[in-house]
Amino acid sequence: MNKNLDSLTEYPFYFLRELLSTVENNPEETLGLHIGEPKNIPPKEALNLLNKHSDLYSKYPTSKGEYFLRESYCNWLKSRFGIKSIDSDKNVLPISGSREGIFSFIQATIDTSKKNPTVIIPNPFYKIYEGAATMADASTYYVNSLEENNFKPNFKDIPENVLKDCQLLILCSPSNPTGYCIDKDEYLYLLNLAERYDFLVCSDECYTDIYESSHASPPGLLESCDITENNSKAVVFHSLSKRSNLAGLRSGFITANESIINDLLLYRTYHGVTLSLPTQMASSWAWDDSSHVEKNRRDYDKKYEIAISALQDVPKIMRPPGGFYIWLKVPSDDQLFAKRLYEESNVIVLPGSYLAIENERVNPGKGFVRIAIVHEAEIIEQALTAVNQTYTKV
Ligand SMILES: Cc1ncc(COP(=O)(O)O)c(C=O)c1O
């Protein structure tokens, strides 16, 4: 087997299971707020299209995807990010969700013939980035996102020797878990660095449509560059999992310059992950339609309202700018807090230290728990009231 498999660490949920394994709770009454899975209902129009075109499951889909789907991607990108030009034949490619897309993109990108290939990753981070870098034989360099900087990743302090070896810098905006959103100036700064040191900027924007309805939408990397330029360093990942509550559909897409898309198309032809034709039809509808996304946002507004008011004893508690988590600073060790909450109330949250690594003598997830604000109102109220109670006791 590939020796890099030995370097893959367990997923955060493995450590969570271990942590809670000694507590005997009734699993049927458990309120699990540890997983970032949408609970809102997927749009029925998309589900109907899957049924209506089920005869097309007999056909092999292409890696490039159908024209109508690529057109939907481009129309959405134009309206969501205000970009003027993008070519549905040259700049987009379907992926089976951003997890698969990012993982395989990293395998296809890292050039091990160069000295010390390095992937720069925000810390805390979505575990897949690290595993993908490990499997691609790359070194990792972590950039802390600390509370004192409002969770802005500290990109300005990346040493020059790391930038010289860097082949890929990963961004996640809105961030899982902190909810921090990167602004246009930061995107520009990072794209300039990418030009200067010749690396790609991989922007995971799967939460880009989840933000407070009355606020401006978080900017995307595409707003700071021209993706149709051949030397563009931007590679952006989008997904229907959160936007449309279609996590099980496994549908997303990549945007990049023509030459990167051509290379990825070749890679993906061998990789062999395609979207079935019914999935493409449902996906095209979901990218074209904005009303279900606006409704989704209003639902999250209500969920956060309930969550924030239940956390009445937490000082200065606020909804983060994007995503659907609360990154809660707890008054004790995060693992102790999660265990105690589970013992006392049968509510599960994810200790933040499982989502980060120790870097520059600090684990930026330590002392935080991640709470997914995805469930229906009654569950959020009950679970967050329990979180508030444990918060006042520890
Ligand atoms: C930051 C981040 N990126 C990517 C993904 C994967 O999403 P998808 O369902 O599009 O594969 C997730 C899922 O939770 C995530 O939190």
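The values are calculated or read from the model by the stated rules, or taken from the named source; none is laboratory data. Since we're looking at a predicted model, the values are computed, not measured. Reconstructed Cβ throughout: ideal geometry from the backbone, glycine too, with neighbour counts over all protein chains shown. All accessible areas refer to the heavy atoms of the entire protein, side chains included, with ligands and DNA or RNA removed. Shrake-Rupley method; radii C 1.70, N 1.55, O 1.52, S 1.80 Å.
Conditions tested, residue by residue: (1) of a type in the set (Ser, Thr, Tyr); (2) open to solvent by 50 Å² or more (accessible area, probe 1.4 Å); (3) modelled with pLDDT under 95; (4) within 16 Å of the ligand (Cβ to nearest atom).
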position	(1), (2), (3), (4)
Ser58	yes, yes, no, no
Asp89	no, yes, no, no
Ile95	no, no, no, yes
Val119	no, no, no, yes
Ala133	no, no, no, yes
Asp137	no, yes, no, no
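In the range 64-80, the residue that is nearest to Leu265 (Cα to Cα) out of those that are touching a helix residue (DSSP H, G or I) at 6+ places or on another chain (Cβ under 9 Å) and surrounded by fewer than 20 Cβ atoms within 10 Å (Cβ to Cβ) is Lys64. Starting from residues that are more than 14 Å from Glu376 (Cα to Cα) and free of Cβ contacts under 8 Å to residues at least 24 places away in the same chain, keep the ones in the range 296-316 and report whichever is nearest to the chain's Cα centre (by Cα). Checking each candidate, the answer is Ile308.
Looking only at residues in the range 76-87 that are in contact (Cβ under 8 Å) with a residue 60 or more places away in the chain and either in a helix (DSSP H, G or I) or acidic (Asp, Glu) (or both), the one that is farthest from the ligand (Cβ to nearest atom) is Asp87. Screening the range 97-116 for residues that are in contact with an Asp or Glu (Cβ under 9 Å, 6 or more places away or on another chain) and of a type outside the set (Gly, Ala, Ser) and picking the one that is least open to solvent (accessible area, probe 1.4 Å) gives Ile102. The lone criterion from (1) assigned to a loop (DSSP other than H, G, I, E, B); (2) exposed (fewer than 14 other Cβ atoms within 10 Å of the Cβ); (3) touching a Leu at 6+ places or on another chain (Cβ under 8 Å) left unmet by Ile41 is number (3).
Determine which member of the set Ile254, Ile261, Ile227 is crowded, with 24+ Cβ neighbours inside 10 Å, within 27 Å of Asp289 (Cβ to Cβ) and more than 16 Å from the ligand (Cβ to nearest atom).
Ile227
The number of residues in the range 14-47 being free of Cβ contacts under 8 Å to residues at least 40 places away in the same chain and within 27 Å of the chain's Cα centre (by Cα) comes to 4. The residues of the range 88-103 that are free of Cβ contacts under 8 Å to residues at least 24 places away in the same chain and within 24 Å of the chain's Cα centre (by Cα) amount to a single one, Ser88.
Taking the options Arg298, Arg340, Arg370, name whichever one is under 26 Å from Arg17 (Cβ atoms), of a type in the set (Lys, Arg) and open to solvent by 60 Å² or more (accessible area, probe 1.4 Å). Step by step, each of Arg298, Arg340, Arg370 is checked, and only Arg340 is under 26 Å from Arg17 (Cβ atoms), of a type in the set (Lys, Arg) and open to solvent by 60 Å² or more (accessible area, probe 1.4 Å).
Against the test of being over 18 Å from the mean Cα position of the chain (by Cα) and either open to solvent by 20 Å² or more (accessible area, probe 1.4 Å) or closer than 24 Å to His34 by Cβ (or both), the options Asn144, Asn123, Asn192 yield a single qualifying residue, Asn192.
The C-beta contact set for the range 225-239 (first residue more than 22 Å from Ser96 (Cα to Cα) and assigned by TED's automatic domain parsing to the domain that holds Arg99, second residue in a strand (DSSP E or B) and away from the ligand (no atom under 16 Å from the Cβ), distance under 8 angstrom, 6+ apart or interchain) comprises Cys225/Ala234; Lys233/Leu200.
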